[in-house]
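Heads up, the thing below is written out as structure tokens.
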Number of protein chains: 2
Amino acid sequence: MKLYEQVAAELSLRIEQGYYRGNDRLPSIRALSREHGVSIATVQEAYRLLEDQGLVQPKPKSGYYVRPRPLTPQMPEISRPAQRPLEVSHWEHVLDLLCASEAPGILALGRGMPDISATTLKPLLRALSEGKRRDGLRGFSYDSLRGSPELRQQVARLTIDSGCQLHPDDIVITTGCQEALSTSMRAVTRPGDVVAVDSPSFYGSMQAIKAFGLKAMEIPTDPVQGISLEALELALEQWPIRAIQVTPTCNNPLGYTMPEIRRRQLVTLAQRFDVAIIEDDIYGDLSFAFPRPNTIKSFDSDGRVLLCSSFSKTLAPGLRVGWVAPGRYGDQVLHMKYVGTAACATLPQLAVAEFIAQGSYERHLRRMRAQYLQGRDHMIAAVERYFPAGTRISYPQGGFLLWVELPGDIDTLQLNDRLQSSAIRIGPGVLFSASGKYRNCMRLNYSAKPTEAIEHALQTIGELCIRMLREIDRVA
Amino acid sequence: MKLYEQVAAELSLRIEQGYYRGNDRLPSIRALSREHGVSIATVQEAYRLLEDQGLVQPKPKSGYYVRPRPLTPQMPEISRPAQRPLEVSHWEHVLDLLCASEAPGILALGRGMPDISATTLKPLLRALSEGKRRDGLRGFSYDSLRGSPELRQQVARLTIDSGCQLHPDDIVITTGCQEALSTSMRAVTRPGDVVAVDSPSFYGSMQAIKAFGLKAMEIPTDPVQGISLEALELALEQWPIRAIQVTPTCNNPLGYTMPEIRRRQLVTLAQRFDVAIIEDDIYGDLSFAFPRPNTIKSFDSDGRVLLCSSFSKTLAPGLRVGWVAPGRYGDQVLHMKYVGTAACATLPQLAVAEFIAQGSYERHLRRMRAQYLQGRDHMIAAVERYFPAGTRISYPQGGFLLWVELPGDIDTLQLNDRLQSSAIRIGPGVLFSASGKYRNCMRLNYSAKPTEAIEHALQTIGELCIRMLREIDRVA
């Protein structure tokens, strides 16, 4: 960690612990420089970072102040999914979500799409078109089965920030995170096996469970702490579970980041029952906390964690550049990758490798984290403003996805249908369950910079919810 | 078909049927113009096309002559694989083949790599780098689950040449042909099912059979006629076969093109036993015959044929742009594609669509067909020259792969090991069987323009074969 990052981390911790509170004036640059024995420039850099993270705000001629946190509305309750392994359904609704956002003129608030319009992505466009000229024939050739060496080297370097020590050969490049997840799942299970999942859980891995003839054991999940280890332990005792699939950092859709102690406990549990852990870290680098949390993989002593990620949320999904660090399951994952797609497109890999090597990745991340943090608070405020009383909202620790739990019996599939005439689409909660739970929930995307159109859409959704609530009351 | 293509096709048929033989003088341009009632320019165009296809050659001031065919050496015999469904093995040898060709300085004669250095590919490089600027953000976005509409439209148009009438929505773009094949196989089978395959058969689909917990029923295959329909019928009666996987056009590795009448019979057979046909057409557009043969799909009246292809052999494998026309299995294929990779990289798709729309694809194909035809004859001649007496060689009808059957008990895995010191790799025959057959066979690639290095490599292989044959004799 660099000097200014250390100073920032220390200040961030004091704010976190309540030592400094909202609107408190923070120590002057000069004072901090003396206290830490670092240069004025370093402290300035540290404050700039905290400002990017949305933790502090400058007041002209007065110094830095702690940014007041919005009053957090009530969080969703801990989930209570079914107590047995289930087959996954709802493919038709997932398909509907995927296809709906393809139509022009639709405000697709349900999909996991990052903001790809930031100017900090420009060097990537450049790397793509210059790469053509420089790497010409290289880009036309089959890439190495494991993926381009340049990219694997950069990925290995990046994972140091999440506490890992990986060699480029420990990494397999994939066609997006979806291929990382599906090859991992295929590698560690056989048809008929049970996979334990956090719940609600990403529909992409749920549908993989369905496609591979597996069953999902949905584990109660806390919107702050993550998957319940107690419930997981019970399930491991009771069912023939072969793998645990979790998204512990900036969870999709709940937004929580699982505390480190619980990550360590999860590894111990997996060791005790000798099961694999498939860790989806796709939003990990978009964590609002600095430094970013360590992955579960970083606590993995015997290679049972398959760490899956991609650049689809941090950079651009259209590149389809993902990766997996499969631990002891390397051979099986490689076989599954070969069988599934043989190799990844070469040029996007080379462009991403160059983008990272230039330092453009870190710069872009800093910017997007700040934007998404603002987006989160903005959208939470709008949901509070427009949605019916009793609505519960997640408090994401990173990424750009919000989980909203509606009061009463509002069915978000129905809500989505009725929003069609307004050209708005949400992510119905039922997609995130194997068993038809979360019918009163939805996922929303706050990646775009706040606009009137989005504000208006949230108002429309909120008003429709209130209307539906009244209709339900009338019937009852 | 254009006018000049009709004239060319007619001449080509007469040559094929022996009406004109090697070194025969063909009708003058003026005579043909009168006969067909077309312009002089049209006949000139037709002759140019036949010249590209290697069927005729001009003699200055004398006119066009039929190009003499090389004396064909003996073909391999019809294959005799095991008479029961088998599990597929030999992944480690496939992996070895894939990884060996990644090493620099290796002459990888075993791999299915096209020549990507042709100048007719330049517009594709241009489309890729200009696409960056024009489609900027489009290339960063998730592509449609089915694939870019522009590309699907072009693919639908191309398939007219193989007798199909497909709508762009009948097509799903995939990450290379491998994803087309594997999603197709997953869509029509369940673990434990049996898949009938031509034999020898492409290792990529064989490994998919392995990965999905299926068994391969290898069917005897004739090096001229293709899969034995008689043996296939017996197998269909005897075993619970769910799908037939074949490469009927420019077969990999045998090079044959199955006659049209047998294609129709294959469809009838599949209907009678109600099984799906997975048709791998990846080399189809590189057929030396003009017009290219109709696909099995073109005779499919009830949607049971899944037609798989890609631009990996015709353009460049590093693009990873393939496609499948899944017929009645569209929903299942789409689900498998979503689960496997979610979407394909966007930019390569847009670039390929533009390349085809410009007419560059046809131009490039014409050139590559001519080059590969020469490459075939050149390599056959070299193998005849250097390899031991009794060597049998396939006579490819398109593509760029040669199948060589060695006499005696030469083990090509061993041969490959011993070639390592000469930095030469071949494709050992055992990769193309589930059951360890074809140990005395190898696949060679003639896509590159003939060079001294390749000639020398073939000499080295041939001499080593002769030495190994003597060693075997001494032991016996």
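The values are calculated or read from the model by the stated rules, or taken from the named source; none is laboratory data. Please read all numbers here as calculations on a predicted model, not as lab measurements. Backbone-built Cβ (ideal geometry, glycine too); neighbour counts: all protein chains shown. Please note that ligands, DNA and RNA were not included when accessible areas were found on the heavy atoms of the full protein model with its side chains. Shrake-Rupley method; radii C 1.70, N 1.55, O 1.52, S 1.80 Å.
Overall, segment B:1-89 carries a charge dipole of about 340 debye about its Cα centre when +1 sits on the Cβ of Lys and Arg and -1 on the Cβ of Asp and Glu, all other atoms neutral. Normalised by the number of residues in segment A:326-476, the mean separation of alpha-carbon contacts (under 8 Å, six or more apart) gives a relative contact order of 23 percent. With its label point defined 7 Å out from Cα along the Cα-to-Cβ axis, residue A:63 lies at 10.2 nm from the matching points of the other copies, in increasing order.
Leaving out ligands, DNA and RNA, what percent of the accessible area of segment B:394-446 is carbon and sulfur, probe 1.4 Å?
On the way: 550 of 1390 Å².
Of the solvent-accessible surface of segment B:394-446, carbon and sulfur hold 39 percent.
Using a ≥ b ≥ c from the Cα gyration tensor of segment B:168-277 (square roots of the eigenvalues), is it rounded, prolate or oblate, where a/c under 1.5 gives rounded and otherwise the larger of a/b and b/c decides, a/b for prolate? Don't skip to the answer; put the middle values down first.
Values: a/c = 1.38, a/b = 1.16, b/c = 1.19.
Cα axes put segment B:168-277 in the rounded bin.
Just the number, please: percent antiparallel of the DSSP beta bridges in chain B, rounded to the nearest 5.
Working: 26 of 45 bridges.
If I count the DSSP bridges inside chain B, around 60 percent turn out antiparallel.
Take chain A, mark every one of the trypsin sites (Lys or Arg not before Pro) that falls in a DSSP loop and has at most 11 other Cβ within 10 Å, then report the longest stretch left between them, sites excluded. Intermediate results must be reported in sequence, preceding the final value.
On the way: sites that count: A:2, A:21, A:61.
For trypsin sites (Lys or Arg not before Pro) (loop position, at most 11 other Cβ atoms within 10 Å), the longest site-free span of chain A is A:62-476.
Can you pull the Kirkwood radius for segment B:303-382, inverse mean 1/r over Cα pairs, to one decimal in Å? All intermediate terms of the calculation are to be shown ahead of the outcome.
Details: mean 1/r = 0.0668 Å⁻¹.
Hydrodynamic radius (Kirkwood, Cα pairs) of segment B:303-382 is 15.0 Å.
Share of carbon and sulfur in the accessible area of segment A:26-156 stands at 52%, probe radius 1.4 Å. Heavy atoms of chains B and A lose about 4800 Å² of accessible surface on contact, summed over both sides with a 1.4 Å probe.
Please compute the Kirkwood hydrodynamic radius of segment A:244-329 from all pairs of different C-alpha atoms, in Å with one decimal. Mind showing how you got there, number by number?
On the way: mean 1/r = 0.0756 Å⁻¹.
Computed over Cα pairs of segment A:244-329, the Kirkwood hydrodynamic radius comes out at 13.2 Å.
Provide a list, ordered by number, of residues in segment B:80-125 showing at least 20 Å² less accessible area with every protein chain present than when their chain is taken on its own, using a 1.4 Å probe. Buried by 20 Å² or more upon assembly, which counts only protein chains, are B:91, B:95, B:98, B:102, B:111, B:113, B:116, B:125.
Screening chain A for whole DSSP H helices of 15 Å or more along their axis (Cα) with average Kyte-Doolittle hydropathy at least 1.0 returns A:346-357. A dipole drawn for the protein assembly as shown from +1 and -1 charges on Cβ atoms has a positive end, and of B:189, B:357, A:257 the residue lying farthest that way is B:357.
Considering only DSSP beta bridges whose two residues both sit in the protein assembly as shown, what percent are antiparallel, to the nearest 5? Before the final figure, lay out the partial values.
Numbers: 52 of 90 bridges.
Beta bridges within the protein assembly as shown, antiparallel portion: roughly 60 percent.
Taking every residue in B:191-204, how many Cβ atoms of other protein chains lie within 10 Å of its Cβ, on average? Write out the running numbers ahead of the final one.
Values: counts 5, 1, 0, 0, 0, 0, 0, 0, 0, 0, 0, 0, 1, 3.
Mean shielding count: 1.
Based on Cα contacts under 8 Å between residues 6+ apart, chain B shows a relative contact order of 21 percent. Length, then width, then depth: along the principal axes, the Cα atoms of the protein assembly as shown run 97, 66, 59 Å.
Calculated mean residue ellipticity, 222 nm, the protein assembly as shown: -13500 deg cm²/dmol, from DSSP H runs (n ≥ 4) at -39500 (n - 2.57) each, averaged per residue and rounded to 500.
What does the average come to when, for each residue of peptide B:313-321, you count the partner chain Cβ atoms lying within 10 Å of its Cβ? The partial results should precede the final answer.
On the way: counts 0, 0, 1, 6, 8, 15, 5, 12, 1.
Mean shielding by partner chains, rounded to a whole number: 5.
What do you get for GluC sites (Glu not before Pro) in segment A:28-131 restricted to DSSP loop and a cutoff of at most 12 other Cβ within 10 Å of the site's Cβ? Counting only loop positions with at most 12 other Cβ atoms within 10 Å, the GluC sites (Glu not before Pro) in segment A:28-131 are A:77, A:87.
Which of rounded, prolate, oblate describes segment B:25-68, given a ≥ b ≥ c as roots of the alpha-carbon gyration tensor eigenvalues and a/c under 1.5 marking rounded, otherwise prolate only if a/b is larger than b/c? Don't jump to the answer; show the numbers that get you there.
Values: a/c = 2.10, a/b = 1.52, b/c = 1.38.
Verdict is prolate for segment B:25-68.
As a ratio to 2.2 N^0.38 Å, the alpha-carbon radius of gyration for segment B:369-454 is 1.08.
As a length-normalised measure over Cα pairs under 8 Å and 6 or more apart, the relative contact order of segment A:1-84 settles at 33 percent.
Name the residues of segment A:25-54 whose amide N is less than 11 Å from a point 7 angstrom out from the Cα of residue A:367 along the C-beta direction? Counting only backbone N, you get no residues. Restricting the calculation to Cα atoms, chain A yields a radius of gyration followed by a Dmax of 22.4, 69 Å.
Among the protein heavy atoms of segment B:215-338, carbon and sulfur supply 50% of the accessible surface, probe 1.4 Å, non-protein parts ignored. Could you sort the residues of segment B:139-161 by number and keep only those whose accessible area is reduced by 20 Å² or more in the all-protein-chain setting relative to the chain alone, 1.4 Å probe? For segment B:139-161, once contacts with the other chains are taken into account, B:140, B:141, B:142, B:144, B:145 lose 20 Å² or more. Using equal-weight Cα scatterers in the Debye expression, the normalised intensity of segment B:1-160 in log10 at q = 0.11, 0.12 Å⁻¹ is -0.92, -1.01. Here residue B:225 yields copy-to-copy label distances, from shortest upward, of 7.2 nm, the label point defined as 7 Å from Cα along Cα to C-beta.
Would you please classify the overall shape of segment A:286-345 from the alpha carbon gyration tensor, given that a ≥ b ≥ c denote the square roots of the eigenvalues, rounded means a/c under 1.5, and beyond that prolate means a/b larger than b/c while oblate covers the rest? Present the calculation step by step, with values, prior to reporting the outcome.
Values: a/c = 4.90, a/b = 1.15, b/c = 4.27.
Taking the square roots of the gyration eigenvalues as a ≥ b ≥ c, segment A:286-345 is oblate.
Averaged over the residues of B:174-187, the number of partner chain Cβ atoms lying within 10 Å of the residue Cβ comes to 4. Residue A:392 sits among other residues whose Cβ lies under 12 Å from its own Cβ, and their net charge, with Lys and Arg +1 and Asp and Glu -1, is -3. The mean accessible area for residues of chain A, using a 1.4 Å probe and ignoring ligands and nucleic acids, is 38 Å² per residue.
When both segment B:329-405 and segment B:15-61 are represented by their alpha-carbon centers, they are found 28 Å apart.
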